[in-house]
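Here is the structure we will look at.
The values are calculated or read from the model by the stated rules, or taken from the named source; none is laboratory data. This is a predicted model, so every value here is computed, not measured. Because the Cβ atoms are built from the backbone with ideal geometry, glycine has one as well, and the counts that use them run over all protein chains shown.
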Amino acid sequence: MWPRVEPALRELEAPGPRGVVGRGRFNFGMAAPDLARRLPSIAVVRALSQSFAVLDAVLSADGDATYAFDGRWAEDEELASMDNGSGDEYSIVFSPAGAFVRGFDHESPMSPYAGEDHELWPGLVESVPERFAGQAAEPAFSDEDGFLVATVCLWRLHDDPAWRTGDIEFPPEEESTDPDGSDRLFTLLAEGTPGAYCAYAADYFEVSPDPAAVKDVFEHRPLTDGLVRRLNPHVDLASLTEILGAIGYPVAGESA
């Protein structure tokens, strides 16, 4: 289903907008329509998500990772996720249909918890294609009352030319400069560069990982014990066997 990583990642070097289908009125920082313009193809989003998960696993020896990837999440589905431990999270489901993105910013004025009725923001999911109906109703992304916990939704079928969003009227700028949490949640994915990851690692883990080693993981070069120790001298490759298997990341010496 997925193309080779190296050719796919070259897309990140291509200039110009990537396209979006959907509408929204806003004049502040990144919201879902702008995020949709900035995101690369499904294949690159998947490859980046795997890289984030590997790097976080190596750098978080205590298991306190922000990014994760589960290639065995469900039959014919993979899950990339982010959880910052402060109430903000996202999930990306990769399926035979394409990819479905859900994000939740707990401070967003568009949060379903902002009102007593716990309703999703108008336009957020009404135009989600039927092929993603299961993801939009997924219990793992819903609260105990069964409603989707989301302030951001995007999706893209494999034959779509661009990422899509709903037709959303965003809150006025004076309420929030990041109305749906797109900027807070997805900046690293939208940037998609080793340098952006190094900046995140310095802030979150308070470490300065070897930029060349980070670049190697972004390029999906097979993981070796030497590469792992360049990133974190306190971790060895053997301790990562299970998580690397779940991520589906290549390990030196393993057959494809």
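For segment 208-256, a residue qualifies if it is more than 24 Å from the chain's Cα centre (by Cα) and of a type in the set (Val, Ile, Thr), and the qualifying residues are THR224, VAL235.
SER108 meets each of the listed conditions (1) under 23 Å from TRP163 (Cα atoms); (2) at pLDDT 95 or above apart from (2).
Looking at segment 10-32, is at least one residue modelled with pLDDT of 90 or more and either aliphatic (A, V, I, L, M) or surrounded by 19 or more Cβ atoms within 10 Å (Cβ to Cβ) (or both)? Yes, that holds for at least one residue.
State yes or no: is VAL214 closer than 21 Å to ASP62 by Cβ, crowded, with 18+ Cβ neighbours inside 10 Å and either of a type in the set (Lys, Arg) or in contact (Cβ under 8 Å) with a residue 40 or more places away in the chain (or both)?
yes
Selection of first residues in segment 143-169 that are over 19 Å from TYR113 (Cβ atoms) and without any contact (Cβ under 8 Å) to a residue 60 or more places away in the chain and of second residues that are assigned to a loop (DSSP other than H, G, I, E, B) and of a type outside the set (A, V, I, L, M), restricted to Cβ pairs under 8 Å at least 6 apart or on distinct chains, gives the following pairs, ordered by first then second residue: TRP155/PRO129.
Conditions (1) crowded, with 18+ Cβ neighbours inside 10 Å; (2) modelled with pLDDT under 95; (3) in contact with a Leu (Cβ under 6 Å, 6 or more places away or on another chain); (4) not aliphatic (A, V, I, L, M), marked per residue:
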| site | (1), (2), (3), (4) |
| --- | --- |
| ASP56 | yes, no, no, yes |
| ASP64 | no, yes, no, yes |
| TYR67 | yes, no, no, yes |
| GLY71 | no, no, no, yes |
| ALA74 | no, yes, no, no |
| ALA80 | yes, no, no, no |
| ASP83 | no, no, no, yes |
| ALA114 | no, yes, no, no |
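Consider segment 223-237 and keep the residues that are out of contact with any helix residue (DSSP H, G or I) (no Cβ under 8 Å at 6 or more places or on another chain) and free of Cβ contacts under 8 Å to residues at least 12 places away in the same chain. The one that is surrounded by the fewest Cβ atoms within 10 Å (Cβ to Cβ) is PRO233.
Inclusion of GLU119 among residues that are within 18 Å of PHE104 (Cα to Cα) and at pLDDT below 95 is warranted. Filtering segment 122-161 to residues that are in contact with an Asp or Glu (Cβ under 6 Å, 6 or more places away or on another chain) and either aliphatic (A, V, I, L, M) or loosely packed, with under 13 Cβ neighbours inside 10 Å (or both) leaves VAL149, VAL152.
Just need a number here: residues in segment 96-112 that are surrounded by fewer than 22 Cβ atoms within 10 Å (Cβ to Cβ), of a type outside the set (Asp, Glu) and not in a strand (DSSP E or B). Write out each step before concluding.
Going through segment 96-112, the residues surrounded by fewer than 22 Cβ atoms within 10 Å (Cβ to Cβ) turn out to be 96-98, 106-107, 109, 111-112.
Add one more test, that the residue is of a type outside the set (Asp, Glu), and what stays is 96-98, 106, 109, 111-112.
Restricting the remaining residues to those that are not in a strand (DSSP E or B) gives 96-97, 106, 109, 111-112.
Result for segment 96-112: 6.
Cβ-Cβ distances below 7 Å connect the following pairs, each with a first residue in segment 20-46 that is at positive phi, a second residue that is part of a strand (DSSP E or B) and at pLDDT 95 or above, and a separation of six or more residues or different chains: GLY22/ARG164.
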